[in-house]
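Worksheet: the structure to be examined is printed underneath.
The values are calculated or read from the model by the stated rules, or taken from the named source; none is laboratory data. Just so it is clear, the structure is predicted and the values come from calculations on it, not from any experiment. Cβ: placed from backbone, ideal geometry, glycine included. Neighbour counts: every protein chain shown.
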Amino acid sequence: MFKLTETDYGTPAQTSDAQVTLNIDGNDVTVPSGTSLMRAAADAGIMVPKLCATDSLEPFGSCRLCLVEIEGRKGYPSSCTTPAESGMRVLTQTPKLQQIRKGVMELYISDHPLDCLTCAANGDCELQDMAGVTGLREVRYGFDGANHLQDAKDESNPYFTFDPSKCIVCNRCVRACEETQGTFALTISGRGFESRVSAGQEQSFMESECVSCGACVQACPTATLQDKTVIMLGQPEHSVVTTCAYCGVGCAFKAEMKGNEVVRMTPWKDGKANEGHSCVKGRFAWGYATHKDRITTPMIRAKITDPWREVSWDEAINHAASEFRRIQASHGRDSIGGITSSRCTNEETYLVQKLVRAAFGTNNVDTCARVCHSPTGYGLKTTLGESAGTQTFKSVEHADVIVVMGANPTDGHPVFASRMKKRLREGARLIVIDPRKIDIVDSPHVKANFHLQLRPGTNVALVNALAHVIVTEGLANEKFVAERCEEKAFNDWKAFVCRPENSPEAMSAVTGVPADILRGAARLYATGGNAAIYYGLGVTEHSQGSTAVMGIANLAMLTGNIGREGVGVNPLRGQNNVQGSCDMGSFPHELPGYRHVSDGVTRSQFEQAWGVSISPEPGLRIPNMFDAALAGSFKGLYCEGEDIVQSDPNTQHVAEALMAMECIVVQDLFLNETAKYAHVFLPGSSFLEKDGTFTNAERRISPVRKVMPPKAGKADWEVTAALSNALGYPMNYKHPSEIMDEIAMLTPTFNGVSYAKLNKLGSIQWPCNDESPEGTPTMHVDEFVRGKGKFVITKYVPSDEKVTRKFPLLLTTGRILSQYNVGAQTRRTDNVMWHTEDRLEVHPHDAEDRGINDGDWVGIQSRAGETVLRATLTERVQPGVVYTTFHFPESGANVITTDNSDWATNCPEYKVTAVQVMPVAQPSEWQREYQRFNQVQEDLLNRREPVVAAQAEK
Amino acid sequence: MNQQHLVRMANNIGDFFEAMPDRQEALDGIAGHIKRYWEPRMRKEMLAYINAGGEGLSDIVREAIGGGRIA
Ligand code: SF4
Ligand code: SF4
Ligand code: SF4
Ligand code: FES
């Protein structure tokens, strides 16, 4: 279906409008000015021999294999570094060139093992290809002289091997690490014959700064840097383009296959979200899909203290359906509901909300975006008119000032971070707003111009102070505001931000940010050219999450930084399909396309299409479901792909709520934490086992393609459809493309989307309809989606989570590069080598006060609960603030987080919890209870009655 | 439903809208928000709570949602 090997044009494409025409080997070629001779030749179908050049990297000109002759010029310039000029006449093949190239190859091969037949790169080695192309027939120097054939391999990285004996020192890996990834982990040490590639200060890859993105492996023309899976399995025979199932960047990958087995995932060059780059998760951490913990047979049990019983699909589904109907009969229609995950495809999410609305007959459907980006939806819809980011990722190439607020892109959105860092190395300026000194504040060749290190929970105060400076110092873009925004709302807002209490001087007592630094940052944002704001969960997961999002939108409107490339308001979505799960109406108050259930016109369209009546009243959101469960009015739940027990705040409250319910149906790959409270387990399928689409943070809908059959026999959409059928509401889709057709028919922003178009264009940014048939890269260009932009007053209201003598520290939470969300996937891969446990970051001062040493076990106590983690002492956090991640269930990070939430959306306040931290000798009571409960549940799983016996009994 | 949660949520909503310069707009905002986003059993319980004295609710919230405006 897709090409296994793509054309390598040797040097990057140029975008100049000016064209030059030249003649290569007798062919006239016209290319954009600045194009290399090598690339121009490739355009004409002539592949000049090369080794050190590849089209993802700037040319380097070291191997001397790509020499050409140019009429009227002396010597043999390298075609990779020589730009094409009008009127040039170039020859790429002459006897002299042939002779030089042969000589070059001979030198390379004289220091290269001749084990091509058994080499892992056999069939995919550019050195081998060039030996063939140059007609190398003998190597006169032999292997008697000095060589590197005995150099030891570095096997430290779990995913790739570095075999220096095969290295030709072409420098591609070093440049990939610098240019593509921006980590600068590799160098060439030594000179001349002695020169070798080295990670860090002659360290192993694992000891070095390497983040295992794979860019060097991708760039290496030989077997020197090679995927271990290729060494083990051999070269793939076909490939399928699909989309990464991890973060909201949504990188496109080629799944390189042998039959139904994945050999390697390589980032797809034509993928618009990633342009051929990847991170350690998408590139390497896909082994969970075939992990032995996968559950592939449906199971049921009457009580959560019973062992599981394996059953047929029919039995499991009929049982679930009859339980749901039984509960509704005795507790009412609204006593059940459904939860979807941002890890589901658009089609799956759409189907679950349809099932809940049409088959259950209630609006009790929510998605895990509730706990991450629901404030983005609310805030951007209120101010700009659409619940989505405004740009493409590529837009960052045009930004002059980049604001990163409450996001940690090098860990959370690594491929976008690489693109951002590239722009920063070109000279764009950087403002970081974060309580922690995240990596991007000070990393190789990137330094923040301003780091506003605020106290957790004070985003709104800080944003108001920025606005205060811009307005009172006369830096606003008045023309933009007058033309594009509502006048009265602006004037009210202006009067509000100008109040003295919003000045940086007044607010610094709250935020902890010195007024002069804040003023500097505000001036830079308002006057530094194109300014773009990128924000994450550090903005949304607060009691004022929605207020902060509106504050950010206010800033963008105030400075006219919206509606063109290089600017905008860009939510960095955590998971792969956060955007999509919201778009698909998996919300208790909204139908697909963000239309409120009380909107009669929209509702009647869905009622007509689905043949049911839909309630005009909003349903329960996830935290409301828990409260209703504890109050006894919510009894049944269908939960697809989400692990609410681990990821939602106040774990003990969630667990109690689930234990109060009568039927919990979990559909997942693994027996996750929620499944330990479930009565029906329906096996899920990984992203490799089904067709569908994901929508990333730039509204880009990208195809997910099935590369192997579902391990449990059904793809997730088929399971939902079967459940619906069993409930008596027919769903007869034959393929997910039909689900997308229905979405397109019912959703104005998706009208023009179809699988055929996705196959043709690769991916589409919605809105895609008659006005923009190929999608919409930049939103709000001439006017806002809501017409005029609306400034909203954003008063700072302190969080209820206040530090006290008893809880004197503020805990904030975040993520790490190698692990993903609740870790169910990445913990089942070698990514654990980078992060084996969640740790608590403590500032050395706070540690000293408490007698805590690095590595000590510490108890973290909040108003909600207590857990125990090991401490890491670091100045990344400021005094008074502690920080942890939540990738391991036994860490219990969410045992401590409280059920405070965003006022508008109930998005939990994960980012601010008042705690005390003390050295301890043993796990917390919760952890001991967790271990016990977990052991019981593992036993109940292991003791499950197999399906054969179950069927034989019948 | 957990009354303490409902009270806190309502007060948080009240805090946001209270900043509007036009009092009526603020009151409409609070009632409108609760009506649009709260499931009926939550609204019913809140009304019962108000009728029973509404302890702990801020003044603006009481004013906004009294009189059946979120029914
Ligand atoms: S894997 Fe990535 S970070 Fe590591 S050395 Fe290679 S390019 Fe650099
Ligand atoms: S490791 Fe590969 S890419 Fe790096 S210099 Fe050696 S051959 Fe070139
Ligand atoms: S950046 Fe995100 S989408 Fe891209 S490979 Fe990494 S996890 Fe996957
Ligand atoms: S490819 Fe041009 S010098 Fe190596």
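One table, with the values for the structure above:
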item	result
Matching residues in region B:20-35 - criterion: being buried (at least 16 other Cβ atoms within 10 Å of the Cβ), more than 18 Å from residue A:543 (Cβ to Cβ) and facing chain A (nearest Cβ under 9 Å)	B:20, B:35
Sole exception among (1) crowded, with 18+ Cβ neighbours inside 10 Å; (2) in the same structural domain as residue A:813 (by TED's automatic domain parsing) for residue A:876, by number	(1)
Residues of region B:10-19 classified as part of a helix (DSSP H, G or I) and at the interface with chain A (Cβ under 7 Å from one of its Cβ atoms), total	4
Test: residue in region A:784-796 that is surrounded by 20 or more Cβ atoms within 10 Å (Cβ to Cβ), more than 14 Å from chain B (Cβ to nearest Cβ) and under 30 Å from the mean Cα position of the chain (by Cα)	yes
Yes/no for residue A:239 being more than 16 Å from ligand 3 (Cβ to nearest atom), part of a strand (DSSP E or B) and at pLDDT below 95	yes
Hits in region A:208-227 - residues which are among the β-branched types (Val, Ile, Thr) and farther than 21 Å from residue A:251 by Cα	A:222, A:224
Unique residue being out of contact with any Asp or Glu (no Cβ under 7 Å at 6 or more places or on another chain), within 14 Å of chain B (Cβ to nearest Cβ) and either part of a helix (DSSP H, G or I) or farther than 19 Å from residue A:389 by Cα (or both) when the list is A:548, A:556	A:548
Tally, over region A:165-217, of residues that are more than 6 Å from ligand 1 (Cβ to nearest atom) and either among the β-branched types (Val, Ile, Thr) or over 20 Å from residue A:52 (Cβ atoms) (or both)	19
Some residue of region B:41-54 being without any contact (Cβ under 8 Å) to a residue 40 or more places away in the chain, within 12 Å of chain A (Cβ to nearest Cβ) and surrounded by 15 or more Cβ atoms within 10 Å (Cβ to Cβ)	yes
Check on residue A:121, closer than 30 Å to residue A:93 by Cα and either within 13 Å of ligand 1 (Cβ to nearest atom) or in contact (Cβ under 8 Å) with a residue 12 or more places away in the chain (or both)	yes
Qualifying residue in region A:127-136 (condition: free of Cβ contacts under 8 Å to residues at least 40 places away in the same chain, assigned to a helix (DSSP H, G or I) and in contact with a helix residue (DSSP H, G or I) (Cβ under 7 Å, 6 or more places away or on another chain))	yes
Whichever residue in region A:7-46 is within 20 Å of residue A:97 (Cα to Cα) and of a type in the set (Gly, Ala, Ser) and, among such residues, is farthest from ligand 3 (Cβ to nearest atom)	A:26
Test for residue A:196: is it away from chain B (no Cβ under 14 Å), within 16 Å of ligand 2 (Cβ to nearest atom) and of a type in the set (D, E, K, R)	yes
Entirely in region A:586-701, the helices (runs of 4 or more DSSP H) that have 3 or more residues that are surrounded by fewer than 22 Cβ atoms within 10 Å (Cβ to Cβ)	A:600-610, A:651-659
Evaluation of residue A:800 against (1) closer than 24 Å to residue A:538 by Cα; (2) away from chain B (no Cβ under 14 Å) (one fails), failing number	(2)
Index of the failed condition, residue A:193 passing every other in (1) away from ligand 3 (no atom under 16 Å from the Cβ); (2) on the phi < 0 side of the Ramachandran plot; (3) surrounded by 15 or more Cβ atoms within 10 Å (Cβ to Cβ)	(3)
Residue ID - nearest to the chain's Cα centre (by Cα), chosen from residues in region A:198-239 that are more than 16 Å from residue A:120 (Cβ to Cβ) and of a type in the set (Asp, Glu)	A:209
Subset of region A:481-533 (residues that are assigned to a strand (DSSP E or B) and either aliphatic (A, V, I, L, M) or modelled with pLDDT of 95 or more (or both))	A:531, A:532, A:533
Residues of region A:914-934 satisfying the condition of being free of Cβ contacts under 8 Å to residues at least 24 places away in the same chain and either among the polar types (S, T, N, Q) or surrounded by 13 or more Cβ atoms within 10 Å (Cβ to Cβ) (or both)	A:929
Boolean, residue A:539 is at pLDDT below 95 and away from chain B (no Cβ under 14 Å)	yes
Tabulated pairs, region B:12-33, first under 8 Å from residue B:64 (Cβ atoms), second of a type in the set (Ser, Thr, Tyr), C-beta under 8 angstrom, 6+ apart or interchain	B:14/B:58
Residue among A:303, A:258, A:281, A:292 that is more than 16 Å from ligand 2 (Cβ to nearest atom), in contact with an Asp or Glu (Cβ under 8 Å, 6 or more places away or on another chain) and modelled with pLDDT under 95	A:258
Counted residues, region A:203-223 - those being in contact (Cβ under 8 Å) with a residue 12 or more places away in the chain and either more than 14 Å from ligand 2 (Cβ to nearest atom) or more than 20 Å from residue A:10 (Cα to Cα) (or both)	10
Filter result (under 22 Å from residue A:765 (Cα atoms) and surrounded by fewer than 20 Cβ atoms within 10 Å (Cβ to Cβ)) within region A:254-274	A:269, A:270
Selection within region A:881-911 - farther than 16 Å from residue A:652 by Cβ and within 14 Å of chain B (Cβ to nearest Cβ)	A:901, A:902, A:903, A:904, A:905, A:906, A:907, A:909
Residue that is nearest to ligand 3 (Cβ to nearest atom) [pool: residues in region A:47-85 that are assigned to a loop (DSSP other than H, G, I, E, B) and among the hydroxyl-bearing types (Ser, Thr, Tyr)]	A:56
Which listed residue is touching a residue at least 60 places away in the same chain (Cβ under 8 Å), assigned to a strand (DSSP E or B) and more than 16 Å from ligand 1 (Cβ to nearest atom), from A:29, A:20	A:20
Residues located in region A:149-163, provided they are modelled with pLDDT of 75 or more, more than 16 Å from ligand 3 (Cβ to nearest atom) and not hydroxyl-bearing (Ser, Thr, Tyr)	A:150, A:151, A:152, A:153, A:154, A:155, A:157, A:158, A:162, A:163
Any hit, region A:200-217, residues being within 16 Å of ligand 4 (Cβ to nearest atom) and not in a helix (DSSP H, G or I)	no
